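Below you'll find the structure, written out as structure tokens, and then a few comments.
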Amino acid sequence: MYGNTLKEIRQGKRMTQKEVCENIVTLSYYCRIEREIGIWPILFFYALVMRFC
């Protein structure tokens, strides 16, 4: 649900997964979130919003 939206936003901004998750979470954890396997901690969500704005 949210993982696909996150992926679309990331791709629209022409960012790699590594760029998005840098200094927030590990790349493997971020990949799991995009595939909707992981759980989103609130601080992770806040950090992503700040990175995309």
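Read-outs: derived from the displayed coordinates by stated rules, not from any lab. Just so it is clear, the structure is predicted and the values come from calculations on it, not from any experiment. Cβ coordinates were reconstructed from backbone atoms using ideal geometry, including for glycine residues, and neighbour counts include every protein chain displayed.
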Excluding LEU27 itself, what net charge comes from residues whose Cβ is under 11 Å from its Cβ, given Lys and Arg +1 and Asp and Glu -1?
-> -1
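Give, rounded to the nearest 20 debye, the magnitude of the charge dipole that the chain has about its Cα centre when Lys and Arg contribute +1 at Cβ and Asp and Glu contribute -1 at Cβ.
On the way: 8 positive and 5 negative charges, 24 e Å.
Dipole magnitude for the chain comes out near 120 debye.
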Cβ-based charge dipole, the chain, positive-most Cα from GLN17, PHE45, TYR2 = GLN17
Where in region 1-24 is the amide nitrogen less than 11 Å from a point lying 7 Å along the Cα-to-Cβ axis of ARG51?
-> 10, 15-24
Grab the other residues whose beta carbon is less than 9 angstrom from that of PHE52, score K and R as +1, D and E as -1, and report the net.
-> +3
Which whole-number percent is the relative contact order of the chain (Cα, under 8 Å, 6+ apart)?
-> 39 percent
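Which order do the peptides 40-53, 23-36 come out in when sorted by mean C-beta neighbours inside 10 angstrom, highest first?
Working: 40-53: 12.4, 23-36: 14.9.
Going from most to least packed, we get 23-36, 40-53.
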